[in-house]
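Below: the structure, in structure tokens.
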Amino acid sequence: MDTIRELYLTDKVSQKNWQTFLMARGISNFNQQEVASIDQTIGLYNEENQLVGTGSIAKNVIKFVAVCDIGAVAKGARFNQLISELTSRLGAQGIFHQFVFTKPAYVTSFKHVGFQALGVTELGAILEKGLPNIKDYLNQIPKFPNAKKVAGIVMNANPFTKGHRYLVEQAAKDNEVVYLFVVNADVSLFSTTERLELVRQGTSDLTNVIVVNGQDYLVSFISFPAYFIKDNDAIIRYQTELDASIFKQQIAPALGITARYLGSEPLSHTTNIYNESLQRILSPDITVKILKRATWDTQIISASYVRQLIKVGDVSTLAAMVPATTLTFIQNNLATLQLRISKGQNINGN
Amino acid sequence: MEIKKMAMAGTLESSDIQIMLSAGTNGYEFELESDVAKQFGDQIKATITSVLQAYAIDNAKISVVDKGALDLVIKARAVTAVQRALEIVDTPNWEVL
């Protein structure tokens, strides 16, 4: 009879055993970010007290799952026992909506224990289990079954600039309906609530634009666990392609989206890779339209430049970069925003 | 009766069943994953439905992962999930049981 016990990674010997076990099963990425996010790890031990399975929880995500089937009562029994324990533990914390990121080869195993695939690519897959799920999310978004030209835009809008406004305007001109998804992530200067509100205000005159919170499904792809990807260079490709596949396999078909609009990316290497992945995965089913970025004078309008201007308090240049609605918010909250920056809020990145 | 909070009962191990309940607005909405869904899917749903009705629950989303559970196991897991969802674990409804 196999038994489940806590596996404490803070203990050097336990951690070494755990790593050796995972590495023998093809998981070799133990970078700081992946390991530090783990909330708890369990081990499955056989009668000889050997580790025969392990799995970890990080917030609502199950990861670092590996099982050895040698000596098991039935193939898959240990896997089911582990996942069962992990889902129950998450449930006990009140987390009933759970995600798994894994190699495409294990999608079937997770489907057998009630997970559903949200996106699958060559390099990886994302699955979810529990409620509310993707169906509930898509159900609450307004739909326009008679519209023929429907576009989607996904933006961080940190904060909403004239560059974003230009992209939305063009899409609104070319299409009957534009879904504008605001990425759900509270890791930078403006919170999701603030970003959402500024996007709503900044597009309120465009009647065919529907602003939607990305919630659990349009998130920052950087947050996708990559513990099973060996090669560092492949991580960004895996993350961006997976993000694109969720859009293609779940979001676009349900809302009838036929085109996705992007701004060209002369500044950020990562975002450039993202744009390439979107083109690779979405085309030809979904047209990818890349618009040249809006400029003011010779300066490309970008949210990261806007955040630098907030840091130094250059309100007159800000007025040229952001719409009046965003400018009012910044002026009213300049001290708060600057305080967040001085407290160490990261304003670099995208 | 209304479901007060999301609740889960059961495991994913062989011969067991995991039942997750959450508030709904549109009768009973089932999602069932089972290797024997074709043969016993309707029977599994009927067993859970009878428990929900016994507790006078009108609306619920029910997510089920069956691993070949027998009827009495399904009933037991359903009762536990319902009592957790209604927050009446300490005061079970003996008449229903």
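The values are calculated or read from the model by the stated rules, or taken from the named source; none is laboratory data. It should be emphasised that the depicted structure is a prediction, and the values quoted were computed from it without experimental measurement. Every residue, glycine as well, gets a Cβ built from its backbone with ideal geometry; the counts of neighbours run over all protein chains shown.
Output the residues belonging to region A:166-189 that are surrounded by fewer than 21 Cβ atoms within 10 Å (Cβ to Cβ) and either at positive phi or of a type in the set (S, T, N, Q) (or both).
Matches in region A:166-189: A:Q170, A:N184.
Filter region A:64-87 for residues that are at pLDDT below 95 and touching a strand residue (DSSP E or B) at 6+ places or on another chain (Cβ under 9 Å); which is farthest from the other protein chains (Cβ to nearest Cβ)?
Taking the candidates together, the pick is A:I70.
Would you point out the residue of region A:94-117, among those that are in contact with an Asp or Glu (Cβ under 9 Å, 6 or more places away or on another chain) and either farther than 20 Å from B:L32 by Cα or of a type in the set (K, R) (or both), that is farthest from the other protein chains (Cβ to nearest Cβ)?
Only one residue tops the list, namely A:P104.
I'm trying to understand the selection: among the residues of region B:1-20, which are under 28 Å from A:L44 (Cβ atoms) and of a type in the set (A, V, I, L, M)?
Matches in region B:1-20: B:M6, B:A7, B:M8, B:A9, B:L12, B:I17, B:I19, B:M20.
Restricting attention to region A:294-334, report how many residues are touching a residue at least 24 places away in the same chain (Cβ under 8 Å) and in a helix (DSSP H, G or I).
14
Which of the residues that make up region A:18-32 are under 23 Å from A:Y106 (Cα atoms) and polar (S, T, N, Q)?
Passing the criteria: A:Q19, A:T20, A:S28, A:N29, A:N31.
Could you tell me which of the residues A:A157, A:A172 is out of contact with any Phe, Trp or Tyr (no Cβ under 9 Å at 6 or more places or on another chain), farther than 20 Å from A:G119 by Cα and at pLDDT 95 or above?
On inspection, the qualifying residue turns out to be A:A172.
I'd like to check something: does region A:263-286 contain any residue that is part of a strand (DSSP E or B), in the same structural domain as A:H164 (by TED's automatic domain parsing) and within 22 Å of A:S220 (Cα to Cα)?
Taking every residue of region A:263-286 in turn, at least one turns out to be part of a strand (DSSP E or B), in the same structural domain as A:H164 (by TED's automatic domain parsing) and within 22 Å of A:S220 (Cα to Cα).
Can you go through B:A56, B:A46, B:A78 and tell me which one is small (G, A, S), touching a residue at least 12 places away in the same chain (Cβ under 8 Å) and in a helix (DSSP H, G or I)?
When all the criteria are applied, what remains is B:A78.
Taking only region A:154-191 into account, find how many residues are in contact with a helix residue (DSSP H, G or I) (Cβ under 9 Å, 6 or more places away or on another chain) and assigned to a loop (DSSP other than H, G, I, E, B).
14
Looking at A:I235, A:I257, A:I273, can you tell me which residue is on the phi < 0 side of the Ramachandran plot and touching a helix residue (DSSP H, G or I) at 6+ places or on another chain (Cβ under 6 Å)?
A:I273
Applying the selection to region B:15-42, what residues are more than 10 Å from chain A (Cβ to nearest Cβ), under 26 Å from A:R89 (Cα atoms) and surrounded by fewer than 14 Cβ atoms within 10 Å (Cβ to Cβ)?
Once the filter is applied, which keeps residues that are more than 10 Å from chain A (Cβ to nearest Cβ), under 26 Å from A:R89 (Cα atoms) and surrounded by fewer than 14 Cβ atoms within 10 Å (Cβ to Cβ), region B:15-42 yields only B:S15.
Going through region B:43-66 one residue at a time, which ones are buried (at least 18 other Cβ atoms within 10 Å of the Cβ) and within 14 Å of chain A (Cβ to nearest Cβ)?
B:I44, B:A60, B:K61, B:I62, B:S63, B:V64, B:V65, B:D66
So A:A58 passes all but one of these: (1) of a type outside the set (D, E, K, R); (2) over 24 Å from A:Q15 (Cβ atoms); (3) under 19 Å from the mean Cα position of the chain (by Cα). Which condition number does it fail?
For A:A58, the exception is condition (2).
Looking for whichever is hydrophobic (A, V, I, L, M, F, W, C), surrounded by fewer than 17 Cβ atoms within 10 Å (Cβ to Cβ) and in contact (Cβ under 8 Å) with a residue 24 or more places away in the chain here; the options are A:L291, A:L337. Which one fits?
A:L291
When you scan region A:206-229, how many residues do you find that are closer than 24 Å to A:R25 by Cβ and touching a strand residue (DSSP E or B) at 6+ places or on another chain (Cβ under 7 Å)?
4
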